[in-house]
1. Any lysines with Cα under 22 Å of the Lys182 Cα? List them, leaving off those in the same chain fewer than 8 positions away.
2. Explain nothing, just the number: relative contact order of the stretch 20-111, from Cα pairs under 8 Å at least 6 residues apart, as a whole percent.
3. Between Lys186 and Val84, what is the spin-label point distance in nm, taking each point 7 Å from the Cα along the Cα→C-beta axis?
4. Give the order of Val84, Val77 when sorted by the count of other beta carbons within 10 angstrom, beginning with the fewest.
5. From the phi of every residue in the stretch 18-35, what ³J(HN,Hα) in whole Hz does the Karplus formula 6.51 cos²θ - 1.76 cosθ + 1.60 yield, where θ is phi - 60° and glycine or proline is x?
6. Which three extents, in angstrom, do the Cα atoms of the stretch 178-276 have along their principal axes, listed largest first?
7. Starting from the Kirkwood radius over alpha-carbon pairs of the stretch 64-213, derive D by Stokes-Einstein at 10 °C in a medium of 1.306 mPa s and give it in µm² s⁻¹.
8. Any chance you could give the angle, 0 to 90 degrees and rounded to 10, that helix 229-242 forms with the longest Cα principal axis of the chain?
Amino acid sequence: MHEMMRHKEDFQSVELLNDYEQFKRKLFRRTGLDLNCYKFDQTYRRIWNMVERAQFERFTDYFDYLQENERHMRSFVDRLAINVSELFRNPEQFQVLRTRALPMLLKQKRALKIWSAGCSYGAEAYSLAILLNEIAPEHNHSILGTDIDQSALERALEGYFDQADMKNTPVELRLRYFRECKLNQKTAYEASPLLRKYLRFETHNLLSDRFNHDFDLIVCRNVVIYFSDQAKEQVFRDFYTALNSGGYLFVGSSERIFNYRAMGFTNPDAFFYYKP
Ligand SMILES: C[S@@+](CC[C@H](N)C(=O)[O-])C[C@H]1O[C@@H](n2cnc3c(N)ncnc32)[C@H](O)[C@@H]1O
């Protein structure tokens, strides 16, 4: 209630807030995307910018425009997603994965089942494939990359990265796993079939779809930062259930789980949660 009152002052009017509530309900009915699970301020502002840019004055008029055409609706959902990524994002954390978590997992099991949840255009999933191929290439690992953004997943399937994506990738790994080429007259790097054989990409909404199970490692980084506290907690609990005993959850730099003990995790390294 407190938050709503503040927004009544911050934002244009009560009427517009009601209009936003209606927009959320209609969007949920039409697409299954529940904006109540996202942080209010940020989401409201971003959608209002889209409404203004499309030259509408009400959220619900903008909704009518979106639902006229499947392409409009899809591009709205895609734009709502923030897709920023890169290979080996926060390399020091990938180093912990490589030297501590993956060797522990590989002691228990030869072929690992991994989920990159909210994988955007796949940089994270390809980084995982590189590490596995470096340290245990002889086994049949599987890496599932999922996201709500279909366009990002189409890019992930294509497996092309640009120079900015490569900034944390050691040159020898880049040379081993990517072929340099030109894409729209810019230097690009095409992922090798050595990596693709581990990877599969699927659409999945962390806030409404069922979770698969039996994962040894779940990597979900820089995704839940946009979720409300309640939604975040539910997703972490669902990850716990989706992990095998002895499995790890690897989160992003600003996503510590404060009540991890109550969920059943231990916290052996920063950003890594372990299911005993
Ligand atoms: C900033 S990117 C993070 C990419 C990658 N994990 C990384 O850390 O580099 C956030 C991704 O979360 C996805 N996302 C947002 N809400 C989601 C949801 N409810 N279910 C699945 N993915 C979601 C977005 O589409 C976006 O691709």
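Nothing in this text is a laboratory measurement; each read-out follows from the coordinates by a stated rule. Not measured: the values here are computed from a predicted model. In this analysis, Cβ positions are derived from the backbone assuming ideal geometry, glycine residues included, and neighbour counts consider all displayed protein chains.
1. Within reach: Lys167.
2. RCO, the stretch 20-111: 19 percent.
3. Roughly 1.6 nm, to one decimal.
4. Ascending Cβ contact count within 10 Å gives the list Val84, Val77.
5. Calculated HN-Hα couplings, in order: 4, 4, 5, 4, 5, 4, 4, 5, 5, 5, 4, 4, 7, 10, x, 8, 9, 5 Hz.
6. 51, 28, 28 Å, listed from the longest principal axis down.
7. It diffuses with D of about 97 µm²/s by this estimate.
8. 30 degrees
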